[in-house]
Amino acid sequence: MTTKKNIPLKQASQLIRSAHCPLLISHISPDGDAVGSLVGLGQALRQMGLEPILACSDSIPARFNYIPGVGDIVQEVSDPFDLVISLDCSDMERLGHFPQMPTFGSTPLVNIDHHLTNLNFGDVNLVDPRASSTAEIVLRLLEYMTVPLDAEIATALLTGIVTDTRGFRTSNVTPQVMEAALRLMQAGASLPTITHYTLNRRPTAAIRLWGAALALLRLEDRVIWTSIPLAMRRAAGYTGNGDAGLVSFLISADDADVAVVFVEREDNRIEVGLRAVPGFDVARVALQLGGGGHALAAGCNLPGPLEEAQKRVLAALRVDLARQSLKRSGAG
Ligand SMILES: [Mn+2]
């Protein structure tokens, strides 16, 4: 029976079943959910007899090397494709350089995502902001299509759930999320292995980077923030392109409601990572500044210099947090 809720599932599966060479794209600065949903869906489509192309504009961090098939992801695409599937991207900019390809605009696009701020840019939008991760939605799609799970698919998809929930610790972890994880473990995914590589280990250079960035830490009006200038990243020897998970650590400060980390990129733009404690919302400010995300975890990318981006974000946060506390006192 087709209920209103599974219309996008049905449409997505129809597009997939009629495709031969789908192009699967995950977002720039890929995280565990971007990589896991990309590789998991890719492996499943290959099992169905399709020849998917797995793509990401940025290189894949080495910590995901334990995921079977991660080496198949390419940064440039020259082969033809007859369907585009966008994974974990709230808007087209997150797809990187691929939308500039001549045939991109004339190819049907399935948008699979769980960001609250998703712009529904696909021909089919399989978007569920209540899902823990895009990987959880991919699992839902595969089960809808009755694709059998194997250990490789399961390892990739469980990686998405584990990393986006930081080990089942976020407020969107429901019994359904645990059941999804259970099915993936039953299919052969190892939760300890995934936890080990994604949550329990990090490059030593990342810890050095944290040390340098923590020395610049500021706490003002319950907003805790710091910055990672290019020179700091170089001095620490950190080769990744993000904040090495620092913003998720900062939001553990019990005097803060919001955490922000400003990362200066090689292209002189500033990557801004935002986190909030439950009851607060940083998605609105991120969206207002051209980014997106979830209520408790969002981000945006602003022009430099660093000090300008800091001023803009902190000012926008001040206004929005005042609005949020006003709303709270009005409601209470
Ligand atoms: Mn995600």
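Points to keep in mind about this one:
- Against the test of being in contact (Cβ under 8 Å) with a residue 60 or more places away in the chain, closer than 27 Å to Val282 by Cβ, outside the structural domain of Asn65 (by TED's automatic domain parsing) and not acidic (Asp, Glu), the options Trp210, Trp225 yield a single qualifying residue, Trp225.
Table: residues versus (1) touching a helix residue (DSSP H, G or I) at 6+ places or on another chain (Cβ under 7 Å); (2) over 22 Å from Cys89 (Cβ atoms).
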{"residue": "Thr226", "(1), (2)": "yes, yes"}
{"residue": "Val261", "(1), (2)": "yes, no"}
{"residue": "Pro278", "(1), (2)": "no, yes"}
{"residue": "Ala295", "(1), (2)": "yes, no"}
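- Residue that is modelled with the highest pLDDT [pool: residues in region 48-71 that are part of a helix (DSSP H, G or I) and loosely packed, with under 15 Cβ neighbours inside 10 Å]: Gly71
- Within region 162-172, tally of residues that are in contact with an Asp or Glu (Cβ under 8 Å, 6 or more places away or on another chain) and assigned to a helix (DSSP H, G or I): 2
- Elements of type strands (runs of 3 or more DSSP E) in region 173-285, at least 2 residues being surrounded by fewer than 19 Cβ atoms within 10 Å (Cβ to Cβ): 218-220
- Condition met for Val147 (of a type outside the set (Lys, Arg), part of a strand (DSSP E or B) and away from the ligand (no atom under 16 Å from the Cβ)): no
- Which listed residue is within 16 Å of the ligand (Cβ to nearest atom), within 29 Å of Phe249 (Cβ to Cβ) and part of a loop (DSSP other than H, G, I, E, B), from Ala131, Ala135: Ala131
- Residue in region 2-14 that is assigned to a helix (DSSP H, G or I) and within 14 Å of the ligand (Cβ to nearest atom) present: no
- Only a single item in (1) touching a residue at least 24 places away in the same chain (Cβ under 8 Å); (2) in a helix (DSSP H, G or I); (3) of a type outside the set (Gly, Ala, Ser) is not met by Leu302, and it is number (2).
- Total residues in region 314-326, condition in contact (Cβ under 8 Å) with a residue 60 or more places away in the chain and under 16 Å from Gly290 (Cβ atoms): 1
- In this structure, Arg312 does not satisfy being closer than 26 Å to Gly96 by Cβ and surrounded by 20 or more Cβ atoms within 10 Å (Cβ to Cβ).
- Test: residue in region 154-168 that is away from the ligand (no atom under 16 Å from the Cβ) and surrounded by 15 or more Cβ atoms within 10 Å (Cβ to Cβ): yes
- Residue count, region 10-28 (criterion: within 30 Å of Ala62 (Cα to Cα), touching a helix residue (DSSP H, G or I) at 6+ places or on another chain (Cβ under 9 Å) and of a type outside the set (A, V, I, L, M)): 3
The values are calculated or read from the model by the stated rules, or taken from the named source; none is laboratory data. These numbers were taken from a predicted model, which means no experiment stands behind them. Glycine also receives a Cβ, built like all others from the backbone with ideal geometry; neighbour counts cover every protein chain displayed.
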